[in-house]
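Here the structure comes first, spelled out in structure tokens, and everything after it is commentary.
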Amino acid sequence: MLIVVTYDVSTSSSGGERRLRKVAKICQNYGQRVQNSVFECIIDSTQFIEFKNKLLSQIDLKKDSIRFYRLGNNHKSKVEHFGVKEVLDLEEPLIF
């Protein structure tokens, strides 16, 4: 299933920059960055629970926020992209 994750980590408070780096690193391990604080992840239900728990353990719920959008398995008809940043199809083989 496709999960879109967005986050806003306050960097004006103590430890904010460290939390931001950790959140971004966790997201990079599960998907691809499509905008500064937005990731698309193709994961199954078990991976989603693990991913969500890792992210929630890093943020300060009083200062930061994370949103998860579950687009499911039929996501290709639900996502449109326009503009300069080309996005890789995570379900296709990666050939460099």
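Once the Cβ-Cβ distance of Leu71 and Gln35 is raised to the sixth power relative to R0 = 25 Å, the FRET efficiency obtained is 0.95. Each residue of the range 51-60 was assigned a 3J(HN,Hα) from its phi angle through the Karplus curve 6.51 cos²θ - 1.76 cosθ + 1.60 (θ = phi - 60°); the sequence is 4, 4, 4, 4, 5, 5, 6, 9, 8, 9 Hz, with glycine and proline shown as x.
Every read-out reported here was derived from the displayed coordinates using simple, explicitly stated rules and does not represent laboratory data. Source: prediction; values computed, not measured. Note that each Cβ is placed from the backbone with ideal geometry, even for glycine, and that neighbours are counted across all protein chains shown.
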